[in-house]
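J.: I have a structure I would like to understand better, so I am pasting it below and will then ask my questions one at a time.
The values are calculated or read from the model by the stated rules, or taken from the named source; none is laboratory data. Remember, it's a predicted structure, so these values are computed and weren't measured experimentally. No Cβ is skipped: glycine too gets one built from the backbone with ideal geometry, and neighbour counts run over all protein chains shown.
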Amino acid sequence: MTTSLGSSSSGVLDGIVVADFSRVLAGPYATMLLADMGATVIKVESPGGDDTRAWQPPVRDDQATYFLSVNRNKHAIALDLKDEDDLATAHQLLAKADVFIENWKPGGLAKFGMDPDSVAERYPQLVHASITGFGTAGGAHLPGYDLLAQAASGLMDITGEPESHGQKAGVAIFDVVTGLHATVGILGALQERQRSGKGQHVAVNLMSSALSGLVNQTSAFVAGGVVPTRMGNDHPSLAPYGPFAAADQPLIIAVGNDNQFRRLATALGVPELADDERFATNPGRNAHRELLRAELETHLQAKSASAWVEELRAAHIPCSEVFTIAQGVEFADEIGLEPVQPAGEEAIPTVKHPIDYSRSGVSYAKAPPKLNADAEAIRAWLHDTAAHTGRR
């Protein structure tokens, strides 16, 4: 590997080469995490570019902030797979790579010799990760949009107030969850390759990731035969757990056990609530949640939300104000999480990688690339690799 494409960090994935043919969110999020951890990620786009380059507003210096959010630390090249020379370059990348990740429609890469069967035969060392919307069987024809997975999985049906028609999450949450699942699958396959010397195909899809990501809600039906319903901001199994009105605005109180509730009752000046048989246990609090809400809010009206947060935290009661995104970033900075990290010489503000390692670093060395920005360096790197290893 030449230094022109190598990672500048001593990350845990130094030496791993990723051929990234994915676009939009799930795949690019996965490959950004890999790149942050030291992998050399080559982002392959069509000549028109990743769709999210045009998902504006908002923008920073005419670049979509959506694209900037998931494409740090990557080297970009534009290839038209219908062009013979560009297709040859794509296969050169696969020959060099450790990981090939794509989110094409099932069967869409077969005509280019890049489908799972062809890849397994031609590049047996390669870990090939495919991301689809609804799998490769009966849902193969369905487009893989996060919103469709939110609707089809049941998330929208359990989100919102009881009288509403359901509500999507405020972010493409299942794209993100699927990207995380893809990352885990890739790392597992790389570990197994160390033992066997062979790559394998890793398949993830939005629908399966959604059902897994709904955890206790899916389990309520699968294991208990209960169909969850919309409960607004209430929790199906815990009380008090949600927003409660203080003097000026709501605050979040998240009581997870009886001891926490006793501390809450004491902090509010009504310790007798913890001995009331209706509220002493979590099942009782759930059965009488509206009565409990009225009791709590009567006492919460005495102070502002911020004053209660300070007081309740001092009593080790889980709570928070309800922040905007801006306030959330500021809060993370205040508590030392350093949420904003500048990427590359351009110092593009990006959100910090979510993992901290005690010995190995993560990288913010390269800003999200412009379309085709690294084509010359990538082609030179491939030529140098072929010249030194005999690969063609």
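J.: Just for segment 61-90: of the residues that are touching a residue at least 24 places away in the same chain (Cβ under 8 Å) and more than 22 Å from the chain's Cα centre (by Cα), which one is surrounded by the fewest Cβ atoms within 10 Å (Cβ to Cβ)?
T.: 80
J.: Return the residues of segment 222-257 that are among the aliphatic types (A, V, I, L, M) and part of a loop (DSSP other than H, G, I, E, B); say none if nothing qualifies.
T.: Residues satisfying the conditions are 223, 226, 227, 231, 238, 239, 246, 247, 255.
J.: Does residue 378 meet the test of being free of Cβ contacts under 8 Å to residues at least 60 places away in the same chain and not aromatic (Phe, Trp, Tyr)?
T.: Spelling it out, it is not the case that residue 378 is free of Cβ contacts under 8 Å to residues at least 60 places away in the same chain and not aromatic (Phe, Trp, Tyr).
J.: Starting from segment 34-48, take each residue that is in contact (Cβ under 8 Å) with a residue 24 or more places away in the chain and closer than 18 Å to residue 374 by Cα and list its partners that are assigned to a helix (DSSP H, G or I) and of a type outside the set (Ser, Thr, Tyr), counting only C-beta distances under 8 angstrom and pairs at least six apart or across chains.
T.: Close Cβ pairs satisfying both conditions: 41/32; 41/34; 41/35; 42/93; 42/378; 43/28; 44/90; 44/93.
J.: Then there's this: Given the structure, is residue 195 over 20 Å from residue 22 (Cα atoms), in a helix (DSSP H, G or I) and either of a type in the set (D, E, K, R) or touching a Lys or Arg at 6+ places or on another chain (Cβ under 6 Å) (or both)?
T.: Considered against the rule, which asks whether it is over 20 Å from residue 22 (Cα atoms), in a helix (DSSP H, G or I) and either of a type in the set (D, E, K, R) or touching a Lys or Arg at 6+ places or on another chain (Cβ under 6 Å) (or both), residue 195 comes out as yes.
J.: Sticking with this one: Identify the residue in segment 91-140 that is in contact with a strand residue (DSSP E or B) (Cβ under 8 Å, 6 or more places away or on another chain) and of a type in the set (S, T, N, Q) and, among all such residues, is surrounded by the most Cβ atoms within 10 Å (Cβ to Cβ).
T.: 103
J.: A further question on this structure: Taking the condition in contact (Cβ under 8 Å) with a residue 40 or more places away in the chain, buried (at least 20 other Cβ atoms within 10 Å of the Cβ) and part of a helix (DSSP H, G or I), does residue 210 pass? If you could, list the steps in order and put the result at the bottom.
T.: On the way: in contact (Cβ under 8 Å) with a residue 40 or more places away in the chain: yes; buried (at least 20 other Cβ atoms within 10 Å of the Cβ): yes; part of a helix (DSSP H, G or I): yes.
Judged against the criteria, residue 210 is a match.
A quick yes/no check of all residues on (1) farther than 30 Å from residue 243 by Cβ; (2) over 25 Å from the mean Cα position of the chain (by Cα); (3) not aliphatic (A, V, I, L, M):
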position: 111; (1), (2), (3): yes, yes, yes
position: 117; (1), (2), (3): yes, yes, yes
position: 120; (1), (2), (3): yes, yes, no
position: 140; (1), (2), (3): yes, no, no
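J.: Additional query: Spot the failing condition for residue 227; the list is (1) modelled with pLDDT of 95 or more; (2) in contact with a helix residue (DSSP H, G or I) (Cβ under 9 Å, 6 or more places away or on another chain); (3) surrounded by 13 or more Cβ atoms within 10 Å (Cβ to Cβ); (4) not hydroxyl-bearing (Ser, Thr, Tyr), and only one is missed.
T.: (3)
J.: Looking at 278, 262, which is the one that is farther than 11 Å from residue 312 by Cα, touching a Gly at 6+ places or on another chain (Cβ under 7 Å), surrounded by 13 or more Cβ atoms within 10 Å (Cβ to Cβ) and at pLDDT 95 or above?
T.: Only one candidate passes the filter, namely 278.
J.: Residue 142 versus (1) aliphatic (A, V, I, L, M); (2) in contact with a Ser or Thr (Cβ under 8 Å, 6 or more places away or on another chain); (3) free of Cβ contacts under 8 Å to residues at least 60 places away in the same chain: which is the lone unmet condition?
T.: (2)
J.: What are the residue pairs meeting all of these: first residue in segment 238-267, first residue over 13 Å from residue 296 (Cβ atoms) and in the same structural domain as residue 295 (by TED's automatic domain parsing), second residue β-branched (Val, Ile, Thr) and not in a loop (DSSP other than H, G, I, E, B), Cβ atoms under 7 Å, and 6 or more apart or on different chains?
T.: none
J.: Out of 202, 215, 177, I need the residue that is exposed (fewer than 13 other Cβ atoms within 10 Å of the Cβ) and either closer than 15 Å to residue 25 by Cβ or among the β-branched types (Val, Ile, Thr) (or both). Which one?
T.: That would be 215, the only listed residue that is exposed (fewer than 13 other Cβ atoms within 10 Å of the Cβ) and either closer than 15 Å to residue 25 by Cβ or among the β-branched types (Val, Ile, Thr) (or both).
J.: Can you list the strands (runs of 3 or more DSSP E) lying wholly within segment 286-392 that have 2 or more residues being touching a strand residue (DSSP E or B) at 6+ places or on another chain (Cβ under 6 Å) and within 30 Å of residue 64 (Cβ to Cβ)?
T.: Because the criterion is at least 2 residues that are touching a strand residue (DSSP E or B) at 6+ places or on another chain (Cβ under 6 Å) and within 30 Å of residue 64 (Cβ to Cβ), the strands (runs of 3 or more DSSP E) in segment 286-392 that meet it are 340-343, 348-351.
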